[in-house]
Amino acid sequence: MKTATLSLALIGAAAVIAAPAHAETFDGPYVGVAAGWDRGEVSDRIEGTPLDAEASRDALVLGGYAGYNYKLAEKIVIGAEAGFTGTVDDRVRATSAGNALTIDPRYSFDLTARAGYLVTDKALVYVRGGYANQRVRTALDTGTGIVRSSDNLDGWLVGGGLEYAITEKVSARVEYRYSDFGNNGGDYERHQTLVGVSYNF
């Protein structure tokens, strides 16, 4: 009986030793928050309104995201992610035929696919790409009144970054993104540098 008990104890100890030190951080669902820098650039025209010259604005961007990682191979991770962002103090001042034009980006969302390579067990280098949508309001001062309009601009997004597992549940990322919202007959681009923190389930 003592021998059986000792054998079971040894088997249990071996199982604990053989168990992985932490769960797979980059395999499964996750949610996160992000903040960083945003630069909006408008040229040519927006919502059918021609611009006299290119205009831009730097702003703070805040957002959140949710996604799913799937470890395709030992070093390869793929997944999908949905994100939502809003910018602070981001109104772009421009002119159209000499009249003052204010471009006010409201919020944006994106749906992207992500593919990455595990440089180490804790560091994932990745690229992403997919659909993006930006809500924009404009106000044109014609001299006799203000003409206002709003629209959802469809576009696409590409980017890449590095994500590092701080613990088995928490990871941090730094990422660059480029978005083009020119599909609605305008020329509106965004550059973003984001820092994010994710909770991995």
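The values are calculated or read from the model by the stated rules, or taken from the named source; none is laboratory data. What you see is a predicted model, and the numbers here were worked out from it, not measured in a lab. Note that each Cβ is placed from the backbone with ideal geometry, even for glycine, and that neighbours are counted across all protein chains shown. Only protein heavy atoms, including side chains, enter the accessible area calculation; ligands, DNA and RNA are left aside. Shrake-Rupley method; radii C 1.70, N 1.55, O 1.52, S 1.80 Å.
Conditions (1) at pLDDT 95 or above; (2) surrounded by fewer than 13 Cβ atoms within 10 Å (Cβ to Cβ); (3) β-branched (V, I, T), marked per residue:
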site: V147; (1), (2), (3): no, no, yes
site: D151; (1), (2), (3): no, no, no
site: G159; (1), (2), (3): yes, no, no
site: L162; (1), (2), (3): yes, no, no
site: A165; (1), (2), (3): yes, no, no
site: A172; (1), (2), (3): yes, no, no
site: Y176; (1), (2), (3): yes, no, no
site: S179; (1), (2), (3): yes, no, no
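Take the residues in segment 34-55 that are touching a residue at least 60 places away in the same chain (Cβ under 8 Å), open to solvent by 50 Å² or more (accessible area, probe 1.4 Å) and not in a loop (DSSP other than H, G, I, E, B); name whichever of them is farthest from F109 (Cα to Cα). Applying the filter and picking the extreme gives R45.
A count restricted to segment 181-201 and to residues that are under 19 Å from L62 (Cα atoms), of a type in the set (A, V, I, L, M, F, W, C) and open to solvent by 50 Å² or more (accessible area, probe 1.4 Å) stands at 2.
Scanning segment 68-97 for residues that are closer than 30 Å to F26 by Cβ, among the hydrophobic types (A, V, I, L, M, F, W, C) and open to solvent by less than 30 Å² (accessible area, probe 1.4 Å) yields one hit, V77.
Summed over segment 56-67, residues that are touching a residue at least 40 places away in the same chain (Cβ under 8 Å) and open to solvent by 60 Å² or more (accessible area, probe 1.4 Å) total 0.
Determine if segment 19-32 includes at least one residue that is modelled with pLDDT under 90, over 26 Å from L162 (Cβ atoms) and surrounded by fewer than 14 Cβ atoms within 10 Å (Cβ to Cβ). Spell out how you get there, then give the answer.
To start, the set of residues in segment 19-32 that are modelled with pLDDT under 90 comprises 19-25.
Checking the rest, the ones that are also over 26 Å from L162 (Cβ atoms) come to 19.
Subsequent filtering for residues that are surrounded by fewer than 14 Cβ atoms within 10 Å (Cβ to Cβ) retains 19.
Yes, the conditions are met somewhere in segment 19-32.
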